[in-house]
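Shown next, in structure tokens, is the structure this report addresses.
The values are calculated or read from the model by the stated rules, or taken from the named source; none is laboratory data. What you see is a predicted model, and the numbers here were worked out from it, not measured in a lab. For neighbour counting, all protein chains shown are included, and Cβ atoms are generated from backbone atoms with ideal geometry for every residue, glycine included.
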Amino acid sequence: MPAISVQIADRQELQRLLLNGPHQIDLWLQLDQSTRGEQEQESPPKPLAVVTRQPATRRSKSAAQARATSPSAPSSQDGISPDTPRPIQQRFHPAGSSEAQAVLQEQLAELQALVQERQYEAVLERLGLDVVEPLAAKLPAAAAYGLGHWAYEQERFEVAAPLMASVLAEGDQAGELLPWAQLFLGLSCRGLGEIGRAREQLIVVLAQHASHDASFHAQVALAWLDLNTGAQQEAANALEQLRQHPQAGSNLGELDLLGRVLSTLEWLAANPRDQLSHAVDRASSDGVVAAIDQVRLSRCGRVLQLQGWLVDPGQQLRELCLVRDERVWRLNLGQARYLGRPDLAEVLARCGGDANLHAGLSLTQIALAEEAVPMKAGEAAELFAVLANGTQFCLRRTLQGAELDTDQVKAVLDAAIQEPCRLVSANLLHRARELWSEDLLGKLQCPVEHKLFGTPPAQPELSVVVPLYGRVDFMEYQLNWFNAWQRRKGPNRPQLQLIYVLDDPRLKQECLALAKRCHTLYAAPFELVLNPENLGFAGANNRGAAFAQAPLLLLLNSDVLPAHDDSLERMLRAMQQHPGKIGALGARLLFDNGAIQHKGMAFVQEADLDGELGRVWLNEHPLKGVKVPLQDEESLALLEVEAATAACLMLERERFAQIGGLSSHYIVGDFEDSDLCLKLRRLGLPALVDHSAIFYHLERQSVGLAASSEGMKMKVVAANAITHHQRWCSAIERLHASEVQR
Amino acid sequence: MRVLYLVHGHEQFSVGGAENAAFSLFREAQNNPEIETWILAAVHTSKAVLAHGELRSVEGTDREYLIGTSCEWFRFTNAHIPSLKRGLQRLLEHIQPEIIHLQHYVHFGIDVIPLLQSLCPDAKIIVTLHEYLALCMHNGQMVTTGQLKLCEKATPLACSMCFPEHNTSSLFLRHHYIKTILESCDALISPSQFLIDRYRSCGIDHPKFLMIENGLPGYFDFNQQNDISSGYSDELNRFGYFGQLNTYKGVLLLLKAAYLLQEKGIRNFVVNLYGANLENQPDEFQKEFALFHEKVRDLVHIRGSYRQSELGTLMLETDWVVVPSIWWENSPVVIQEALFYGRPVIGSNIGGTAEKTEGQGGVTFTARSENSLAGVMQKAIGNTALHQALTLQIPMPATAADCAATHIALYHEVVSTGAIAQEVLA
């Protein structure tokens, strides 16, 4: 490496060299000196006279005995000033580069090989949503079908659908698989709640493969779709046709059920429904006793919770259907949870059942946008059950309306994930997060209270968004700091727009009182956004960002405080020095004792964790808890990391908007930051950390009092981890394979 | 230049070093024709004299004011800012100070500083630190709860051990809050270098963190001084202790040292305890005090409290001034007084006591060690050579006038917002 001549006096030339070429410490210091030189002012110390004693018996103290005391610099950053430009130190080949392409091709080849060997489970674990279509494009029809069918069986409909679609794309080459692919595409759409598309696909099966076995199942599915919408006559017609179908003989159960449902609907139409009881006792005849305790439905009709009990030691129950007016849904008993009911011991005994039998039944169903039927006032529902011995009965209960809230969604997760952390229904999880997302996006459309305290700057350089939850006092510590910082920096400071988002309606009064206090005491102007309901981490940040005006955005946790005067400024200047080149910029976060809380995140897998957590990618903070001094290379360059935490993350506001802000699919909160960084990486932009921008992060203090139990917390974490993994597992593998060799 | 002083108690109601320093400065600075001073003293609302934020001027003068206020003692924040703001606003609009100098922030609350900054954006705020409350919740003394061990460094972890009801995060935030506000001031002053170093090592610093020694109040008579400063006894065996009789000032240590000497058969000395307040001390302390005093009652005499004006007379009865504090101290006024009257100081070798004793005509002993104190006392009795050598070293303490002049020079600096290097003024 040739030594760069130090005769280069031109600062711009020096900057350019250092930005583009290899960096050398002494040259950085030289550049820094010349940047600082203009800012410093010299002033000599002033000696002061000291009065001495007059009497000769006393020794007088000399006037020159002024001891100078040496203060430590207020900003204890010996080294590069924030205005000195620093280069980006790349660590991974960016998406879109030829190396990245090569890695992708390798990955696809690996997955393809696994598919050919029919190692579907292994493939599914490593199949991120971004590679499904590229992989499908490479697979021959049979392989794509095989994998797609496996995915369908695992309820991974969002994977099955594109795979089946790729089989269809092969046209006649697919041969025998075509009708089946068409069927499963339709059924997958149905599973995803895309009713319209499901119908389309299923009708194609009927149209193009009329007497094929697949068309039987398509017709059954369509019949059920008709029943869902209350189109009885269409369903009846379908049943007629089905009875004629060659496959009828092998699927008597399906036909039987449809027949029963239709006749029950007729019966219900003809007879007074309110005569039906919510309980039935068939102990003597069939050994079954059942009752509905309650049926709760959210007013929008999207979440249904059925709670009751079923004493059925002989396992007679075969089918369960829900009837609302003229609509019928077939319930999935496999998604039911069974709970102990000690109060039913006597009933159990009567039915000849074991005392340990879990008789309590809890079933949750989520209807997505196209499927949901809002609740009507005073509405009641019937539960139609068919037993193995052919008998059936009907129970009825008035619907209880419920508001859709976080606890309801958590209840769904409770069903989707069973102890310790095993995913039993991928579809239920999918629906839960879709529901959460739909709900969140809907809430974000609503107008919200927005208060200004003081006059915000007209042309802010940076908008800071801080969500508040569980505790609001952190706002004061931050505003106190901003006030002091403003006074020290004077008019040359960067102009900031501070936006606090209260995501906790319980604390509204306290927050407003504190805001008033802060407005009186601290000169920093700020804004307060008051969410009428808790939206979670993504919602709160996205909402705050909607009010941001500056070109740059900083997401900041309430329990993060700058450690030095220039912590924020460093990040700001770094972003301004590399416009359009940085995806997201994180910081070095310390615990209160100075140990590392975050200096970049890494994706790891921890096989010894329970259940799902043992096989998904998790976000790790390397060196967390360890005291590590700042390395030279860390302060001279902006280092690329796998991901950075949103506790303190700066990015271009337009970019944030372009990718839709933080993802709305993570329930309550978690993984949004790595999700964001991976999205940015997909656009070819790196996640970096500015190690010289140092903050304190009093982690977990911002959550305050959490209501959920440990078990539920774990399930929420697992749910989000699985979501994250399903989206990004392939991207993460490729990331790890893309390290730039030095 | 208009200067407003804030102090946490009026000298008429409460006695203490900080109150004296504040009022002394207030009066001395007034003597300067360029300066106009006012003083605002906090009256705690519990005294039921003034409501929170209620402003009242002191009779007979238009320069002294009182304001009712109270603050909580964890973070020193105000109970109710709006009422305090109204009272302050009225006074500040009238005075329009260019300098606001706080001698203490307790009772006012440390959040009075940002309040003042927002009410008077052009005024410069200066704080004199008399104790370590910003660092230490235990009465600002940096001594552990329970064991009363000396604490070298305040950290969230260490403090949470002294105060287990607060977790490290709360203590971190407390420190952050107070530190941020102090560092937002325009200058910080301390009467000892020790305090400055201690604050620095615990993370609170300021580009203008200056040491300015407390000046002796104006009534110290220079005419008398010469007479008194030659009035030593021939035996040089009279030890004087000036101050409250409590644990922290170390009077118990002095009793024990006297007892040790007595046991060794040395009885040719006398110890005079000038001070009171024994009856307000915890029972344990009173018991131990009584126990030891009983043993040495021929040698140690409790002379009771005294008025400042009597100090000269009492110094005539003293050859050595003992300052056996068991805590760090800042700049004990008694040492300045001893310097004025030419009495060598025998002081603990820690903190501010050591700083003001060593090299200033005093001798130190190992803090908290009665053995060490006894040894020094033994050496001191009748030791003409030592006494003479020490008295030659004793510097002239700063007078109130000196002190005021130094402060005024600082005020000018701060107002002209120039950067100055740190200085030490003795």
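Hey, A:ALA210 hits all of (1) outside any helix (DSSP H, G or I); (2) among the small types (Gly, Ala, Ser); (3) within 28 Å of A:GLU266 (Cα to Cα) but one; which does it fall short on?
Exception for A:ALA210: condition (3).
Residue under question is B:THR318, and the condition is that it be part of a loop (DSSP other than H, G, I, E, B), of a type outside the set (Asp, Glu) and more than 18 Å from the chain's Cα centre (by Cα); does it hold? Talk me through it step by step, then tell me what you get.
Details: part of a loop (DSSP other than H, G, I, E, B): yes; of a type outside the set (Asp, Glu): yes; more than 18 Å from the chain's Cα centre (by Cα): yes.
Judged against the criteria, B:THR318 is a match.
Can you tell me which of A:GLY442, A:GLY490 is at pLDDT below 95, in a helix (DSSP H, G or I) and farther than 21 Å from B:GLU183 by Cα? Please lay out each step first, then the result.
Details: A:GLY490 fails: farther than 21 Å from B:GLU183 by Cα.
Going through A:GLY442, A:GLY490 in turn, the sole match is A:GLY442.
Where residues in the range A:413-427 are at pLDDT below 90 and not in a loop (DSSP other than H, G, I, E, B), which of them is surrounded by the fewest Cβ atoms within 10 Å (Cβ to Cβ)?
Among those residues, the one meeting the criterion is A:ARG422.
Please state which one of A:THR520, A:THR455 is hydroxyl-bearing (Ser, Thr, Tyr), within 24 Å of B:PRO82 (Cα to Cα) and part of a helix (DSSP H, G or I). Explain how you work it out, then say what you get.
Details: A:THR455 fails: part of a helix (DSSP H, G or I).
When all the criteria are applied, what remains is A:THR520.
Please determine, by comparing only the residues of the range A:488-516 that are among the charged types (D, E, K, R) and surrounded by 20 or more Cβ atoms within 10 Å (Cβ to Cβ), which one is farthest from the other protein chains (Cβ to nearest Cβ). Full working, then the answer.
Filtering the range A:488-516 down to residues among the charged types (D, E, K, R) leaves A:488-489, A:493, A:503-504, A:506, A:508, A:510, A:516.
Now drop any that are not surrounded by 20 or more Cβ atoms within 10 Å (Cβ to Cβ), which leaves A:503-504.
Working: A:ASP503: 20, A:ASP504: 19 Å.
Across the range A:488-516, the extreme among qualifying residues is A:ASP503.
Among the residues of the range A:252-263, count how many are buried (at least 16 other Cβ atoms within 10 Å of the Cβ) and under 21 Å from A:SER211 (Cα atoms). Talk me through it step by step, then tell me what you get.
Pass one, the range A:252-263, residues buried (at least 16 other Cβ atoms within 10 Å of the Cβ): A:254-255, A:257-258, A:260-262.
Restricting the remaining residues to those that are under 21 Å from A:SER211 (Cα atoms) gives A:254-255, A:258.
Total satisfying the criteria: 3.
So, in the range B:22-46, exactly how many residues are of a type outside the set (Ser, Thr, Tyr), within 18 Å of B:TYR105 (Cα to Cα) and out of contact with any Cys (no Cβ under 8 Å at 6 or more places or on another chain)? So that I can check it myself, show each step before the final result.
Step one: of the range B:22-46, the residues of a type outside the set (Ser, Thr, Tyr) are B:22-23, B:25-36, B:38-44.
From the residues that got through so far, the ones that are within 18 Å of B:TYR105 (Cα to Cα) too are B:22-23, B:25-26, B:38-44.
Okay, now just the ones that are also out of contact with any Cys (no Cβ under 8 Å at 6 or more places or on another chain), so B:22-23, B:26, B:38-44.
So the answer is 10.
Every residue in the range A:264-295 that is surrounded by fewer than 18 Cβ atoms within 10 Å (Cβ to Cβ) and farther than 14 Å from A:LEU395 by Cα, please.
A:GLU266, A:ALA269, A:ALA270, A:ALA283, A:SER284, A:SER285
Which residue pairs have Cβ atoms closer than 8 Å, lie 6 or more positions apart in sequence or on different chains, and pair a first residue in the range B:110-128 that is free of Cβ contacts under 8 Å to residues at least 24 places away in the same chain with a second residue that is polar (S, T, N, Q)?
Here the result reads B:SER118/A:THR520, each pair linking the range B:110-128 to a residue that is polar (S, T, N, Q).
Please note which helices (runs of 4 or more DSSP H) are completely contained in the range B:321-426 and include at least 1 residues that are in contact with a helix residue (DSSP H, G or I) (Cβ under 6 Å, 6 or more places away or on another chain) and either at pLDDT 90 or above or of a type in the set (Gly, Ala, Ser) (or both). Spell out the reasoning first.
Working: elements: B:333-340, B:351-357, B:370-380, B:384-393, B:400-415.
The helices (runs of 4 or more DSSP H) meeting that bar are B:333-340, B:351-357, B:370-380, B:400-415.
Kindly provide the set of residues from the range A:517-538 that are touching a Leu at 6+ places or on another chain (Cβ under 7 Å), among the hydrophobic types (A, V, I, L, M, F, W, C) and within 12 Å of chain B (Cβ to nearest Cβ), ordered by number.
A:CYS518, A:LEU521, A:ALA524
What's the number of the condition B:ILE95 fails, among (1) within 26 Å of the chain's Cα centre (by Cα); (2) within 26 Å of B:VAL415 (Cα to Cα); (3) more than 14 Å from chain A (Cβ to nearest Cβ)?
For B:ILE95, the exception is condition (1).
Can you tell me which residue is nearest to B:THR180 (Cα to Cα) among those in the range B:78-93 that are in contact with a helix residue (DSSP H, G or I) (Cβ under 8 Å, 6 or more places away or on another chain) and either crowded, with 17+ Cβ neighbours inside 10 Å or of a type in the set (Phe, Trp, Tyr) (or both)?
Step by step, filter the range B:78-93, then rank; the result is B:ASN78.
Which of the residues that make up the range B:130-162 are under 16 Å from the mean Cα position of the chain (by Cα) and of a type in the set (Gly, Ala, Ser)?
Result: B:ALA134, B:GLY140.
Could you tell me which residue of the range B:175-203 is farthest from the other protein chains (Cβ to nearest Cβ), considering only residues that are among the small types (Gly, Ala, Ser) and under 23 Å from A:LEU479 (Cα atoms)?
B:ALA187
Is at least one residue of the range A:593-605 more than 24 Å from A:GLN90 (Cβ to Cβ) and within 20 Å of the chain's Cα centre (by Cα)? Give the derivation first.
From the range A:593-605, those more than 24 Å from A:GLN90 (Cβ to Cβ) are A:593-595, A:597, A:605; that's our starting set.
Remaining after also requiring within 20 Å of the chain's Cα centre (by Cα): A:605.
Yes, there is a match, as at least one residue in the range A:593-605 is more than 24 Å from A:GLN90 (Cβ to Cβ) and within 20 Å of the chain's Cα centre (by Cα).
Anything in the range B:204-216 that is more than 10 Å from chain A (Cβ to nearest Cβ), assigned to a loop (DSSP other than H, G, I, E, B) and of a type outside the set (Asp, Glu)? List them, or say none. Working first, answer last.
So the first thing to find is which residues in the range B:204-216 are more than 10 Å from chain A (Cβ to nearest Cβ), and the list is B:204, B:212-216.
Now drop any that are not assigned to a loop (DSSP other than H, G, I, E, B), which leaves B:204, B:213-215.
Hits for the range B:204-216 are B:ILE204, B:ASN214, B:GLY215.
Find the strands (runs of 3 or more DSSP E) located wholly in the range B:1-69 whose residues include 2 or more that are touching a Gly at 6+ places or on another chain (Cβ under 9 Å) and modelled with pLDDT of 90 or more, and list them. Give the steps one after another, and end with the answer.
Values: elements: B:2-7, B:36-44, B:55-57, B:64-69.
Per the criteria, B:36-44, B:55-57, B:64-69.
Does the range B:81-99 contain at least one residue that is closer than 23 Å to B:ILE196 by Cβ and not acidic (Asp, Glu)? Lay out the reasoning, then the answer.
Of the residues in the range B:81-99, the ones closer than 23 Å to B:ILE196 by Cβ are B:99.
Filter once more, so that each one left must be not acidic (Asp, Glu): B:99.
There is at least one residue in the range B:81-99 that is closer than 23 Å to B:ILE196 by Cβ and not acidic (Asp, Glu).
Considering only the range A:549-570, state which residues are away from chain B (no Cβ under 13 Å) and assigned to a strand (DSSP E or B).
The answer is A:LEU552, A:LEU553, A:LEU554, A:LEU555, A:LEU556.
Being surrounded by 23 or more Cβ atoms within 10 Å (Cβ to Cβ) and within 30 Å of A:ARG422 (Cβ to Cβ) narrows it down to one residue among A:ALA144, A:ALA122; which is it? Walk me through how you get there before you give the answer.
On the way: A:ALA122 fails: surrounded by 23 or more Cβ atoms within 10 Å (Cβ to Cβ).
The conditions single out A:ALA144.
Consider A:LEU262 carefully, then state whether it is modelled with pLDDT of 90 or more, assigned to a helix (DSSP H, G or I), closer than 28 Å to A:ALA402 by Cβ and hydrophobic (A, V, I, L, M, F, W, C). Break it down into steps so the answer makes sense when it comes.
Numbers: modelled with pLDDT of 90 or more: yes; assigned to a helix (DSSP H, G or I): yes; closer than 28 Å to A:ALA402 by Cβ: no; hydrophobic (A, V, I, L, M, F, W, C): yes.
For A:LEU262, the condition - modelled with pLDDT of 90 or more, assigned to a helix (DSSP H, G or I), closer than 28 Å to A:ALA402 by Cβ and hydrophobic (A, V, I, L, M, F, W, C) - is not met.
Please report, ordered by residue number, the strands (runs of 3 or more DSSP E) entirely within the range A:308-359 with at least 1 residues that are within 25 Å of A:ARG273 (Cβ to Cβ).
A:317-324, A:327-330
Condition check ((1) within 14 Å of chain A (Cβ to nearest Cβ); (2) surrounded by fewer than 20 Cβ atoms within 10 Å (Cβ to Cβ); (3) in a loop (DSSP other than H, G, I, E, B)) across all residues:
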| site | (1), (2), (3) |
| --- | --- |
| B:GLY109 | yes, no, yes |
| B:ILE125 | yes, no, no |
| B:LEU135 | no, no, yes |
| B:LEU157 | yes, yes, no |
| B:MET161 | yes, yes, no |
| B:LEU173 | yes, no, no |
